[in-house]
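Every number in this text was worked out from the coordinates using simple rules, so none of it is lab data. All of these numbers come straight from a predicted model, not from anything done at the bench. Ideal geometry is used to build each Cβ from the backbone, glycine not excepted, and the neighbour counts take in all protein chains shown.
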Amino acid sequence: MTLPRKACAVIFDMDGLMFDTESLYRDAIITTASASGLDTPLPLILSTIGLSGEATRAVYDGHFGQGFDFDMFWTAVSKQFYELTKSQLRLKAGVGELLDALDDARLPRAIATSSRHEDVRHHLAAHGLLDRFQAIVARGDYSRGKPNPDPFLAAAERLQVEPGHVLPWRIPTMVCVPRPAQV
Amino acid sequence: MMTIMVPDLLVATAEMEKLCICVAQDLHEVCKIMET
């Protein structure tokens, strides 16, 4: 498998692609729910991956029904998640190798994520990667979040490259911006 | 853009596989694709 065209820039998703954070969220949800006597089947959790906050709320409200306080639940999940990141925030396989290869090829790169800027900085700093990206697009930098491609489009704009068509995405994704065709 | 998906907890559907240029196991595989 090779790229159909040479790349001129690369844009990374963050959660699940660079960091093993999807599994930490899964564990945080299960732990938080269990502490409250709630059952969260794995298919329920997986069905919310890549959904917006409002869509996730609708899924949980629909599952637990009237009387379920999503805001209180998610606040507790977030607290549990941050506790887990203190000791279990792992880089996914190949991140360092790929960044080194992009350095060698002098390809600029950005992160496009649904996470908050402070979380991106925290995760990158924990692994000494803060200076490896030319741009970071995070929550608040675009109007429509995942699965809409707006974060990737905003990242392309920050890198000053022409994005072309971008797919909606729900699973960890990396996009290579093709080098413009020579005239 | 050329989209490479690297599934984690969620498996790529057949529809997703059709839309992207490839589904990779991890970023080691992506690195090989970028270098060739």
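At-a-glance table
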item	result
Selection from A:Gly67, A:Gly37, A:Ser78 lying farthest towards where the dipole of the range A:21-88 points positive, charges on Cβ	A:Ser78
Cα centre as origin, Lys/Arg/Asp/Glu Cβ charges: the range A:21-88 dipole, Debye	160 debye
Partner chain coverage, peptide A:94-101 - average Cβ within 10 angstrom	5
Mean separation of Cα contacts under 8 Å, 6 or more apart, over the residue count of chain A: relative contact order %	36 percent
Rounded Å value of the spacing that divides the Cα centres of the range A:32-60 and the range A:121-150	24 Å
Residue-span extension gain [A:Asp27 to A:Glu118] - 0.36 nm each, minus C-alpha spacing	30.6 nm
Lys, Arg +1 and Asp, Glu -1 on Cβ, resulting dipole of chain A about Cα centre, debye, nearest 20	440 debye
Kirkwood Rh, Cα atoms: Rg over Rh of the range A:21-88	0.93
Total formal charge among the other residues, if their Cβ is under 14 angstrom from that of A:Glu54, Lys/Arg +1 and Asp/Glu -1	+2
Degrees between helix A:21-35 axis and first principal axis of chain A (Cα, 0 to 90, nearest 10)	10 degrees
Shielding score for B:20-28, defined as the mean number of other chain Cβ atoms within 10 Å	6
For residues of A:165-171, the mean tally of beta carbons on other chains within 10 Å	5
Fully extended contour minus Cα-Cα distance, from A:Gln66 to A:Thr2, at 0.36 nm per residue	17.9 nm
Whole-Å semi-axes of the protein assembly as shown's equivalent ellipsoid (Cα gyration tensor)	31, 18, 16
Tilt relative to chain A, helix A:53-64 - C-alpha long axis, 0 to 90 degrees, to 10	30 degrees
